[in-house]
Amino acid sequence: MADHYASIIIDISHENVDRIFQYRIPESMEAKIRIGTQVSVPFGKANRRRKGYVVEITDHVDGYDAGKVKDVDGVIAGSVTADERLIQLAWWMKERYGSTMNQALKTVLPVKKAVKARNRKVVETMVSDGWLPGLLSHRESGSSEDSSVISLNEEQRKIADAFAADYDAGLRTPYYIYGITGSGKTEVYMEMIDHVIGAGRQVIVLIPEISLTYQTVLRFYHRFGDRICVMHSRLSAGEKYDQMERARNGRADIMIGARSALFTPFPNLGLIVMDEEQEDAYRSEGAPRYHTREAAEKLASLSGAVFVMGSATPSLEAYTKAEGGVYQKMRLTRRAGRSRSLAATEIIDLREEMQEGNKSIFSRRLETLIRERLDHGEQTMLFINRRGYSSFVSCRSCGNAVKCPHCDVSLTLHHKTRLVCHYCGYTIPLMRTCPVCSSEYLAGFGIGTQKVEEMAQERFPDARVLRMDMDTTARKGGHETVLSAFARGEADILIGTQMIVKGHDIPGVTLVGVLAADTSLYAPDYRCGERTFQLLTQAAGRAGRGDKPGIAVIQTYMPEHYSIRTAAAQDYEEFYRQETAYRKLMAYPPFCHMLQIQVSGKDENLTAHMMEQIGMSVEKNFGARTRVIGPVPAPVYKVNDFYRKILYLKNENYDILVRIQKYIQQRWEETENCRRLVIQYDFS
C-alpha cells in the first residue's frame, strides 16, 4: 500500500513557521486523519511534540527525501475537525488580512472541544439565559406578532420571489436589501430561509451583537422551531460546542449568532444572511483583523451559497458595490405592519437653547414632549450619542469643534494642554477662546447615562426610569431583562447608548430623544460622519412602530451638518452623495485602500524609532504609489504602560498594501529589537 502524507500547519503563530510541513500518515491512522484534523507531530531537531492542522493529504513528498519524513504521532482527542471549505477560507483570510495561517485556522475553528457533554434544544438554552420568560410574556401581551404565519406586502413578496427564482436557476450573486427602518427585512429573510431549507440546505444568520438576539431568536423559533441553534459570546464553552455539534451532525438547519457564527460547520450551506451589515461589531479586533462581510462573501462563494445583506443605513463600502452592480440591490421603501409612516423628526439647535438661558440637557421642546407622553401613558427612549467618544473640544456658543486643517477630523485633547491630530500628527496648544467666534465657552464635552438618569428623575419625578448600559447589562441575560421590562410597560423612560436603538421593536415608544447628536462627529475617524448618520437614523426609527405615530427629536450644536440633516430626513441617498464626495476628495475608502500599522512597547523611544524606520522603509521601497501618513500617537497613547504609535498607508491597489504588509513583517521578524515590541495590522 502506498504511503500517504499530511501537509500540516504547526500550531505556532510565528512567521518563520507559517508554512506547510509534511509528515507520513501511519497505516493505523489512515481512517482517522482527513483535511482539518488536529494532530500531534514531532517538530524541530529536538522532536518536541507540537499540535498542528492537516490542510492537505497527498501521496508524495514535495522537494524532500521521503525516507527522512517523520510520522504523525496521533490525532488530538476531542478536537473539532474543519471541513475543506473552512481551510480554504482560513488561507484566504491569511492572505487578505496579513495574519499567519495558524491564526486564521484558530479563527475558523473557535470551538475546540466539549467541556461538558450536553444535548439541549435551543429553547432550553434560551431559558437558561433568561430570555424566554420575558419574551413569551411580551408576545402574549400582544406587542409581538406571531412570526409562524407571515403575510408579505407587495415589495417584500417581489424580493422573496426574485430570490427564489434566482436560487432555483443556480444564480449566486449577492443580494443587498436596502430598506427603511421598520420595513420588514426580517420577514423577507425568513421567506428566503424557508426556500433554501426546503431545498435541503442550511443557513447562517448573522446579527451584530447580543442585544439584537432578544427579539430575533424568538421570531425565528416561532417560524422554524427547534431546528435553529444560537451562538453568542455569553454562552459557555460547553454550550458553544453543543451548538456547533448540532449543526455539524444535521440536527439543526439554521445558526443564528454574532461574528463567530459564520464558521458554523454546516455540511451543505446554502445561504448566509447578514443583518445590519454596517455595524462595527462585524470587524474582528484580533489577528486576523477580518471584516465579516468580506469573509461571508468569500465563504458563500466557496460553498455555492447565496450571500444576503440588509440595512436601513448601509455602509459606504457595501452600498458602492450595490450601486456598481456587484450586489443585487433590492429596495423596501415603506414600513410593514401596523405603522405605515416614519416618525416625524425635529432638529433642535442647542446653541439657541443656551442663548435663551436653557442650560439643561433637555431642550424645552423635548421636555414638553416627554411630559405629554407621561400624561398619555406612552413611552420615551432617550439616546445618548457616545459613539466614538473622545476628549474633543467644542464651543458651546457656536458649536464649532476644533479640527485638523489637513485631515478634517477633530483634534484630540492631550493632558488638557494640547490638541493633536491622530491622522497626521498636527499639534497645537489648547487655546483659551474659540477660534471661530472668540467665545470663552470652550471646553471638553461629554455626559454619561447615569448623569442623564439622575437628571431625568429630578426633572420628571413621577416617571419610571430604566437605564441600559454596560453596568446594568453586565450579567448574563441583562439586555433581555431590561428590554423585556420596558416592553411590558414597566417603565416610562428608557435611557441608554447605542444598544437601545439597534433593531428593537417596542410599539409603546412614541418619542425618541437624541441628546447631543453631534458627539460622534468629533471622533478622530474619517467614518465619523457615516457613523453619526447611521446612529441617528436607527434612533429615529425606534419611534412610532405601533399603532400611534412617533416623533424623534435630535438635539445638536451642529444642525447644519449634512449627516444630521439627512438622518432627520431619513434620506440615505443624499447622505451617500455628500459623503462619497468627501471620501473621494480626501482619498478615503472605498475609493482608496488603507493599511493601519500599530506598534506598541514599554520603551517609548524604541517604539517611536521603529515606527520611523518602518515609515522611511516604505517610502523608499514603495513610495511611488503609496502615501505614508505619520507615525502619530494612537488615540489612547498609553495603555497598561505600553506606548502605541500608528502609521497609515494609502494606495488605490489593495494588493500593493498586502505586499507591503508582508515586506514589513519579514523585516520585523529579522530585527532583534522588534522582539520587545508588538505590531498589528488593520486593512480598510
Legend entry - Some residue of the range 324-338 being assigned to a helix (DSSP H, G or I) and open to solvent by 60 Å² or more (accessible area, probe 1.4 Å): no
Inset, instruction - Taking the options K451, K476, name whichever one is open to solvent by 40 Å² or more (accessible area, probe 1.4 Å), out of contact with any strand residue (DSSP E or B) (no Cβ under 8 Å at 6 or more places or on another chain) and at pLDDT 75 or above. - result: K451
Legend entry - Tally of residues being open to solvent by 20 Å² or more (accessible area, probe 1.4 Å), outside any loop (DSSP other than H, G, I, E, B) and either under 28 Å from T264 (Cβ atoms) or of a type in the set (D, E, K, R) (or both) across the range 46-93: 15
Inset, instruction - Go through the range 619-644 and give me each residue that's closer than 24 Å to R583 by Cα, open to solvent by less than 60 Å² (accessible area, probe 1.4 Å) and touching a residue at least 12 places away in the same chain (Cβ under 8 Å). - result: F622, T626, V628, I629, G630, P631, V632, P633, A634
Inset, instruction - Assess whether S40 counts as being open to solvent by 20 Å² or more (accessible area, probe 1.4 Å) and in a helix (DSSP H, G or I). - result: no
Inset, instruction - Take R545 and decide whether it is closer than 25 Å to G324 by Cβ, modelled with pLDDT under 95 and basic (K, R). - result: no
Legend entry - Residue in the range 645-656 that is open to solvent by 40 Å² or more (accessible area, probe 1.4 Å), charged (D, E, K, R) and part of a helix (DSSP H, G or I) present: yes
Inset, instruction - Kindly check whether there is at least one residue in the range 220-228 that is assigned to a loop (DSSP other than H, G, I, E, B), open to solvent by 10 Å² or more (accessible area, probe 1.4 Å) and either within 28 Å of A164 (Cβ to Cβ) or without any contact (Cβ under 8 Å) to a residue 24 or more places away in the chain (or both). - result: no
Inset, instruction - For the range 507-515, state whether one or more residues are in a loop (DSSP other than H, G, I, E, B), modelled with pLDDT of 85 or more, open to solvent by 20 Å² or more (accessible area, probe 1.4 Å) and not polar (S, T, N, Q). - result: yes
Legend entry - Subset of the range 565-616 [part of a strand (DSSP E or B) and either surrounded by fewer than 17 Cβ atoms within 10 Å (Cβ to Cβ) or not hydroxyl-bearing (S, T, Y) (or both)]: H593, M594, L595, Q596, I597, Q598, V599, G601
Legend entry - Filter result for the condition that a residue is open to solvent by 10 Å² or more (accessible area, probe 1.4 Å), in a loop (DSSP other than H, G, I, E, B) and either within 30 Å of A587 (Cα to Cα) or free of Cβ contacts under 8 Å to residues at least 60 places away in the same chain (or both), over D547, D525: D525
Inset, instruction - Take the range 280-326 and flag every residue that is under 23 Å from S99 (Cα atoms) and among the acidic types (D, E). - result: D280, E285, E294, E297, E317
Inset, instruction - Could you check, for the range 289-305, whether at least one of its residues is modelled with pLDDT of 95 or more, in a loop (DSSP other than H, G, I, E, B) and touching a Gly at 6+ places or on another chain (Cβ under 6 Å)? - result: yes
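The values are calculated or read from the model by the stated rules, or taken from the named source; none is laboratory data. Bear in mind the structure is a predicted one, so any value in this text is a computation, not a measurement. We place every Cβ from the backbone using ideal geometry, glycine too, and count neighbours over all the protein chains shown. Remember, those area values only see protein heavy atoms, side chains included, never the ligands or the DNA or RNA. Shrake-Rupley method; radii C 1.70, N 1.55, O 1.52, S 1.80 Å.
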